[in-house]
Amino acid sequence: MLEINGIPPKLTNQECEELICQQYWYRGKLTQEVDALSLKVNGRWHQLYFENGIVFWRLLVEAPKPFEHKPGDPFEYPLINLGEQLDVKNVLISDYATDALIEGVRVSISFEDKGVLIIKHVDNMTSISFI
């Protein structure tokens, strides 16, 4: 059963101004490929994240900031600029969908003439692929 907490932004036919992925690393090992995904459209930042199979959307006041890692901290939260890495910055989002899966949930964001970003949340693990 699909459950969404918050109001998903209107993404279809909007330009992707920025796309930032926050990962979660624990003791030098990638634990969560997508801890949170921040997307900027129409000058506003939106954050997507998952907990226990629930899709969360939040409006952010400002761009995501890097987590200050202190020596000895077992965890890190690096920010990955997917907009630049995937070459989708300033590209039109042609479609957006959230689908329930038997074992979790999937969010798909299609970029015109570039590909589809797929974020899957299964068994409390979130992964990302671009096809």
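The values are calculated or read from the model by the stated rules, or taken from the named source; none is laboratory data. Since the model is a prediction, treat every value here as computed from it, not as a measurement. Quick reminder, even Gly has a Cβ in these numbers, built from the backbone with ideal geometry, and neighbours come from all protein chains shown.
Numbers at a glance
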{"read-out": "Within the range 60-116, tally of residues that are among the hydrophobic types (A, V, I, L, M, F, W, C), exposed (fewer than 12 other Cβ atoms within 10 Å of the Cβ) and under 16 Å from LEU19 (Cβ atoms)", "value": "1"}
{"read-out": "Neighbours by Cβ (under 7 Å, 6+ apart or cross-chain): first from the range 115-126, under 14 Å from GLU51 (Cβ atoms); second surrounded by fewer than 14 Cβ atoms within 10 Å (Cβ to Cβ) and aliphatic (A, V, I, L, M)", "value": "VAL122/LEU101"}
{"read-out": "Test: residue in the range 75-98 that is closer than 17 Å to ILE4 by Cβ, of a type in the set (Lys, Arg) and either in contact (Cβ under 8 Å) with a residue 24 or more places away in the chain or not in a loop (DSSP other than H, G, I, E, B) (or both)", "value": "no"}
{"read-out": "The lone exception for PRO66 - which of (1) under 23 Å from LEU2 (Cβ atoms); (2) within 16 Å of the chain's Cα centre (by Cα); (3) modelled with pLDDT under 95; (4) of a type outside the set (S, T, N, Q) it fails", "value": "(1)"}
{"read-out": "Among the residues listed as PHE56, PHE67, PHE50, the single one being of a type in the set (Phe, Trp, Tyr) and either part of a loop (DSSP other than H, G, I, E, B) or touching a helix residue (DSSP H, G or I) at 6+ places or on another chain (Cβ under 9 Å) (or both)", "value": "PHE67"}
